[in-house]
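Peer 1: One structure follows; several queries about it will come next.
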Amino acid sequence: MVADWLATRRRIAAFRYKLLAWYGAHRRDLAWRHSRDPYHIWISEIMLQQTRVKQVGEYFARFLRAFPTVQALAGAGEDQVLKVWEGLGYYARARNVHKAAKEIVALGGLLPDTYEGLLALPGIGPYTAAAVSSIAFDRDHPVLDGNVERVLCRLLRFEEDPRRGAAKTALIGAAERLLAPGRAGDFNQAMMELGARVCTPAKPHCGECPVREGCRALRELEDPALLPRKTPRKPRPHYQVAAGLIWKRGRLLIAQRPSEGLLGGLWEFPGGKQEEWETLAECLAREIREELAVEIEVGECLARVEHGFTHFSITLHAFGARWKSGEPQAIGCAAWRWAAPAELAQYAFSRADRRIIEELGLGDLEYSPGRSNNGERA
Ligand code: SF4
């Protein structure tokens with residue numbers, strides 16, 4: 001039946017026409033849509049992955065102010081890039097954008113203008129290669145993100161779980177068949193926009209949908225929102241994590257995470273995941289010993305922050321603590337610093353650690369030697 005739908009040329013032509021007309025009249029005025037510069041389009045597409053459009057707006061402007069060209073980005077330090085990206089999450093994107101910029105500059109300074117050339121760069125997968133090659137270079141490549149998947153599943157009444165490999169291949173084939181040749185950039189953006197604003201996950205606005213006449217889910221199902229069919233994911237595990245605000249002579253010990261992996265390259269208040277056999281205070285003392293070879297005296301818990309990652313969530317318990325002995329060593333981290341509270345703003349922290357800084361007003365503290373802390377100073 002999916003094949004039947006796609007076999008009718010007149011239906012496909014009508015679909016393209018209505019979708020593009022709707023997009024022309026209703027598309028949102030987004031900063032990156034004012035630019036044809038491939039560098040701008042690439043940065044916006046990377047930022048838009050797993051992040052809301054509204055949030056990207058501010059970061060996009062800030063990023064281009066800091067790094068107006070691919071050369072400026074390539075010439076920056078990773079710390080600078082992470083600092084500008086701070087709060088946007090999924091930091092591997094920032095590190096990969098930085099690596100890719102260096103490769104682009106080494107290749108002459110121009111972004112590759114083909115799907116294959118883009119795909120060869122760090123951090124660019126099939127989705128981003130298709131999006132950038134179609135939007136920036138008018139290449140006829142269809143995109144398939146969550147929004148497009150949803151529209152296609154409903155339009156064609158596609159009943160398989162779109163996350164499965166074979167189903168994904170079938171959906172890319174369908175998107176390819178529907179794509180408006182020569183207008184791939186607009187077509188792809190129109191499909192994504194339709195999914196984001198009209199064919200929404202829980203309650204699609206079918207009455208306002210420009211392609212409702214051809215939609216099989218609307219015609220044949222009691223509720224189009226029954227599609228896409230997705231097998232439920234396993235619940236995310238939840239961990240208890242202890243972090244230390246470890247004071248020594250008015251300065252706080254902060255550690256930089258190894259550059260690869262979760263939150264790679266970001267700074268944090270050191271600590272780690274609680275094991276079953278220990279209290280949070282014991283966990284903190286153990287982690288600081290193992291990661292930094294430092295002995296501490298753990299004080300009281302000053303703040304708690306809930307935070308979710310893609311595959312797990314945490315409760316972060318921030319303890320006041322006092323340095324007792326040991327020169328820090330970067331055993332389980334990339335680097336460490338004794339930072340005055342006023343200096344914390346210079347470092348890129350994860351969102352959870354930044355919330356601790358804000359909740360405790362740490363960034364507002366002035367250095368005053370001799371005051372002890374839980375917020376006290378040693
Ligand atoms: S008619 Fe409804 S279900 Fe079908 S594509 Fe439009 S919004 Fe989605």
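Peer 1: Take the residues in region 211-223 that are open to solvent by 30 Å² or more (accessible area, probe 1.4 Å) and farther than 13 Å from Arg157 by Cβ, then tell me which one is nearest to the ligand (Cβ to nearest atom).
Peer 2: Applying the first criterion (open to solvent by 30 Å² or more (accessible area, probe 1.4 Å)) to region 211-223 yields 212-213, 218-220, 222-223.
Filter again for farther than 13 Å from Arg157 by Cβ, leaving 212-213.
Working: Arg212: 4, Glu213: 8 Å.
Ranking the qualifying residues of region 211-223, first place goes to Arg212.
Peer 1: Tally the residues that are within 21 Å of Ala281 (Cα to Cα) and open to solvent by less than 80 Å² (accessible area, probe 1.4 Å), restricting the search to region 323-335.
Peer 2: So the answer is 6.
Peer 1: Now for a separate question. Which of the residues belonging to region 292-322 are open to solvent by less than 20 Å² (accessible area, probe 1.4 Å), of a type in the set (Val, Ile, Thr) and either more than 15 Å from Leu362 (Cβ to Cβ) or not in a strand (DSSP E or B) (or both)?
Peer 2: Residues satisfying the conditions are Val294, Ile296, Ile314, Thr315.
Peer 1: Starting from region 28-39, keep only residues that are under 15 Å from Ala196 (Cβ atoms), then list their pairs with residues that are of a type in the set (D, E, K, R) and assigned to a helix (DSSP H, G or I) whose Cβ atoms are within a distance under 8 Å, requiring at least 6 positions of separation or different chains.
Peer 2: Arg28/Glu193; Arg28/Arg197
Peer 1: Any residue at all in region 256-264 that is touching a strand residue (DSSP E or B) at 6+ places or on another chain (Cβ under 8 Å), more than 16 Å from the ligand (Cβ to nearest atom), at negative phi and open to solvent by less than 50 Å² (accessible area, probe 1.4 Å)?
Peer 2: Checking region 256-264: at least one residue is touching a strand residue (DSSP E or B) at 6+ places or on another chain (Cβ under 8 Å), more than 16 Å from the ligand (Cβ to nearest atom), at negative phi and open to solvent by less than 50 Å² (accessible area, probe 1.4 Å).
Peer 1: Quickly run through region 1-29 and pick out the residues that are in a loop (DSSP other than H, G, I, E, B) and either among the basic types (Lys, Arg) or buried (at least 17 other Cβ atoms within 10 Å of the Cβ) (or both).
Peer 2: Result: Arg27, Arg28.
Peer 1: Something else: Mind listing whichever residues of region 184-210 are open to solvent by 30 Å² or more (accessible area, probe 1.4 Å) and more than 9 Å from the ligand (Cβ to nearest atom)?
Peer 2: Within region 184-210, Asp186, Ala196, Arg197, Pro201, Ala202, Lys203 qualify.
Peer 1: Need a quick list: helices (runs of 4 or more DSSP H) entirely within region 35-104 having at least 3 residues that are outside the structural domain of Phe349 (by TED's automatic domain parsing) and more than 16 Å from Thr128 (Cβ to Cβ).
Peer 2: Where helices (runs of 4 or more DSSP H) fall fully within region 35-104 and carry at least 3 residues being outside the structural domain of Phe349 (by TED's automatic domain parsing) and more than 16 Å from Thr128 (Cβ to Cβ), they are 53-66, 70-75, 78-85.
Peer 1: Exactly one of (1) among the charged types (D, E, K, R); (2) part of a helix (DSSP H, G or I); (3) within 16 Å of the ligand (Cβ to nearest atom) is unmet by Lys168. Its number?
Peer 2: Every listed condition holds for Lys168 apart from (3).
The values are calculated or read from the model by the stated rules, or taken from the named source; none is laboratory data. This is a predicted model, so every value here is computed, not measured. All Cβ positions, even for glycine, are placed from backbone atoms using ideal geometry, and neighbour counts span all protein chains on display. To get the accessible areas, we keep the full protein, side chains included, count just its heavy atoms, and leave off ligands, DNA and RNA. Shrake-Rupley method; radii C 1.70, N 1.55, O 1.52, S 1.80 Å.
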